[in-house]
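Here the structure comes first, spelled out in structure tokens, and everything after it is commentary.
Here, each number is a calculation from the coordinates, and none is a lab measurement. These numbers come from a predicted model, not from an experiment. Cβ coordinates were reconstructed from backbone atoms using ideal geometry, including for glycine residues, and neighbour counts include every protein chain displayed.
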Amino acid sequence: MKLEGISNDLFLCIWDHLTKTDVIYSFSNLNARIDCMLFKFCGLYKELDLRYCSLSIFRHFSHEIIMKDGWRLNLTTLKIGNPYRCPQMTILADEVTKFFMKNSFIRKDNQNNNSLTLLRMMKSLKKKNVESLFPQLNTLIVFQNITMDENCRDIFLYGIACGSSLRTLKWRTCSYQTHHSKSFFDWLFQCSISLQKYHFENTLGESGFELSYHHTLINNYQFHQSLLDLRINILNLSTVFVLLHYLPKLQWLDVHISDRIEAKNDLDEHLLTTMNYPIELHTVKLRSLDVRGRGCYVLENLLLKFLQSLEYLSISMYHRCENEPELNYNGYSLSVLCRKLIHLRSFHFAIEIQMFEKADEVIVHNFTKTFTTPFWLNGPFGCKRVCVDFEHMSGRIQMFSLPYTFSDKNLIHSTNLMNIEFNTDLEENPRSENLSQKLATLWFGMHRLFLLFDKDQTLPSLFIPTLHCPSSQGKTLILSQRRGTMPENLVNHTQLTHFNALEFFYSIDTNSNNNLQELVSWLQILPNVICLEICLTEFKYWLTNYTNNPHLCSFFQRLQRLHIDCSSLINRQMNEEVYHLFLSYIIDKDRFPQLKCLRLRCCKDVGSSWENIDQWIGFILTHTDQHRLTCVRFDFIEKENETTEMNICNQIMSIVQPSSIIVVHQFVYTSNQYDLTRHFQIEKNRSFIKVINKVSMSSITIEPRTPAVFVKPILYGNTAKHFGTKRDSDGHTHKWTLYVRSFYQEDLSTYISRVQFRLHETYTNNIRVVTHAPFEIEESGWGEFETQITLYFVDPNEKPVIFYHHLKLFSAEPDVVTGKEALVNEFYDELVFHEPSEQLARLLICSKANPSPADEKEYALQKSETLAKIKSARQRVRNEIQELTERFRITQENIKRIRQRSVDQICAPGTFMGLPNEAIDRRVKIVAVLVEGYFLAGRSMSFLPVGASLFASNIGSGHFIGLAGSGASNGIGVAGFELNASYVLIILGWVFLPVYIKADVYTMPEFLKKRFGGDRIRFYQTVLALILSIFTKISVDLYSGAIFLNQALGWNMYVSVIALVALAALFTIGGGLSAVIWTDFIQTIIMVIAAFILMIISYIRVGGLQS
């Protein structure tokens, strides 16, 4: 079946079994129909998730998304990095560096000085002198699995994540990266102008990131006006206050504080009173806090800063009060805190209280009883279920709200779990058979469960069933060296299917005789475990004593990931002892048929214990046909033997299929700097292993290798020349040439087998194939159309490349129009070959040619001009989009606010009682439309009637009678008041009106309330304005109008006043603002015409202007 004959539905069925990245990699650029489907269903050119793709695919896309404008200019979502694969960040950073150095920073006098070029590039990126690499990037997710240097950090922050379109950044760092804190915060408050969601985390248990107020002042931090969602791990409480001060729009805060929270801290109380706090913060999550003594008051004071806005609160904490047990949290103290937060709608907590006396059932019962008040059983949160238990192994009272929502916190339990109490059923027997059902919401929310047992303890028969939770999956079970003895026949009745990872926290006692029985019992009730983390000492004990145990062998058959703690290897001799035993057992696809990932943790370099790491790697490589490993990782924790200042380093080894190349990078942490100290490269070449050990990067020479990526610049386009007149035979006006050429004038036929040109259907034989150079066709025609150019390569396994080119014939240049010169319409592109076959690689190397300096200069000039035009046009479009978006947002908010305000004013209580919801919604919408039409004239008035209404509202009978009379008696000087008012009105419209529009207010009392708060000043200004208007404006206008009617028609003064008031009330109340505006518009016309007539008559009566 041909590709064109496969239906769209069949393609979609195939793609359902692949990741989007694999689909795009495999099916893109085949034809226009498939590309259109990829764009619609897989996010072609828009979304890319590279976290779990292979190394070859990642290298391909890391080049494509940067060098291809289709990706670079349209990419909106990018996700990279994961804990099990190669360091993707460094590969992408290298590609970004090449792009910037190639396009923006290379000078002829500095082409060979890469260090200076890189330094200049970093400075330009930080100063934002370089346009964002991905201008449309909206979401960036990074998992950093190895340490990074300053250059890599700055490339990501200022080269990739600096675009104005970026809305979401999630960055998970590896260990020991807090020295980058200031750089990340500098980027946040100086470059991320549109960021709305920022997640910045490191490993729990390590020190968090720190930001001082002094640093913000020195670096001139500005308030971040767009950030709404912040999730971060920080060092201390003062960093929280600083972040809150600079994030006025924050709505969601999720924070972990690594330092202890105590009553005595480094917070400046005076400074805290001057800081600002976000007024719209409605959600706060505090994770894994360590609170000591009266530090709980400091925490509560922080929460009370948001008592007017906080709606959702979640707290996970450990509280230790040695001499003041009355400070311990319980149901009473938590209810007091919740009542202070008057808008709180949801509250979740996981609190551990350190006890300094042995807790019995009475103490646990008393804690549980504090949660049986009406506040918890029938309060603002409904019926809030709380479970309380005492863990005698750790000496802690544990209180959890249900359902449990703290997935990142380890749950610690022992057999005391059988004595757990719930606030909703104190009278029931906690040991009943329904206990597992009651605990289901606890197990469903947790991620890691740590079980602690006494030495040689027999587990109760009901303990294991209480852990059962079949509705959840993907949990981790952690066991200590004391694993308990299970009752007989328990394995046949209970299976803990929701655990898929098993960790042994401490090594077992090798002198105990119960190890095998305990181990086998646990392995039998954990049928879904595929990941094991274990100490090397215990694993060696398994290999030595239990090799043929059927239960252990069955467990190894389903194991996919194996993490081994190697901290017990402290010298070379111990390493040699386990070397052959360990590897010969692991490197066996019959014993471990599904093992894909092997990680050796906590490897120590003390005593040169890992000097023979190349033997480990060599053994794995020479036995590749005997295992299925795809990832091997070495994590080192110290390097004392070589340099005493080194504290931490990571070694990563990745086996990449199918090239069988292993690269080990070793990064050493020393004085907040990371240096590449050793680089092993092991290459499998047929039947032997070649090891290159580089201790000094400058002291060794490596033989050149064939590059994995080839780039061939090409030109494609057309030339066209006018005949001068239309040809009589066929009406054609131009002769044109469509072509594909090498940018460096090399022979394309070396690696291109044929080029197919698809022309317009009106041409005879519209598909033309050229099989030799030059790859071009000549024709004549009278109109422009789109052509398709397809390149086929000598290697049939290489995918064809398709270009679409608009054949251009016409131009506004005079010489081109008359036919004196030919029109040239060509474009530059690059053919990129990733890891081509050996045959194609040799052809690509042979086809190299030296570029012409003149051609390069001309192309560089054209490129700079084109990029400048594109940049200018793009900026204009962005500005227009931002302006229209902001106007649309303001309009929508105004409509919503006015509708709600009008509905609240008009709809009296009980208006819609008894009506169904749909009818209520329909009537509310009708009322909102009517209210908007009545008070705002439907927002449909143009500037002319509005301006006329303002004029008529200001000019009245007081001017025609009172001001005219004053002018007659005192002279023209009385007009100065009105003439000066014109300047004041211009200032009002130019200076103050934008403030009122931005504040979204319509009246001065409304503005005063927003500016100063409260209702008293608004009420005072309203009353004052009414009094002044009545006694200084309305009364004067009514009196002068009555005088006119009295003089003109002879009416009584009081009758005239009543008639004027009645007439104004009639059309105002009856017609609303629309009637007022149109009445004012007519009155304006009448008053202007009458004023001119009156002026002319007056001048005639007094004898002219001279008199």
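So which of LYS40/LYS863; LYS98/LYS170; LYS170/LYS869; LYS871/LYS896; LYS170/LYS340 end up more than 27 Å apart, counting from Cα to Cα? Those over the limit are LYS40/LYS863; LYS170/LYS869; LYS871/LYS896; LYS170/LYS340.
Highest first, please rank the peptides 233-243, 863-873 by the mean number of other Cβ atoms sitting within 10 Å of their residues.
Working: 233-243: 21.2, 863-873: 10.9.
Result, highest mean Cβ count within 10 Å first: 233-243, 863-873.
For the peptides 954-965, 384-395, residues were scored by their other Cβ atoms within 10 Å and the scores averaged per peptide; the highest-first order is 384-395, 954-965. When LEU950, LEU1024 are sorted by how many other C-beta atoms sit within 10 angstrom of their C-beta, beginning with the fewest, the order is LEU1024, LEU950.
Give LYS79/LYS197; LYS712/LYS799; LYS589/LYS799; LYS20/LYS799 a once-over and call out the pairs whose C-alpha atoms are over 25 Å from each other. Working shown, then result.
Numbers: LYS79/LYS197 15 Å; LYS712/LYS799 15 Å; LYS589/LYS799 35 Å; LYS20/LYS799 19 Å.
Result: LYS589/LYS799 exceed 25 Å.
Listing LYS475, LYS46 from fewest to most neighbouring C-beta atoms within 10 Å gives LYS46, LYS475.
Under 12 Å from the Cβ of VAL388, count the other residues' Cβ atoms, weight Lys and Arg +1, Asp and Glu -1, and hand me the total. Kindly include the intermediate steps, with their values, before the conclusion.
Values: positive: LYS369, ARG385, ARG396; negative: GLU352, GLU361, ASP389, GLU391, GLU421.
Taking every other residue near VAL388 into account, the sum is -2.
Under 8 Å for C-alpha pairs, at least 6 residues apart: give me the relative contact order for region 709-851, rounded to a whole percent.
On the way: 294 pairs, mean separation 49.4, N = 143.
That works out to 35 percent.
Cα centroid separation, region 1072-1104 to region 741-820: 74 Å.
For region 224-298, applying the loop criterion from DSSP together with a ceiling of 15 other beta carbons within 10 Å to the GluC sites (Glu not before Pro) yields GLU262, GLU280. Protection proxy ranking for 812-825, 562-575, using the average of other Cβ atoms within 10 Å per residue and placing the highest first: 562-575, 812-825.
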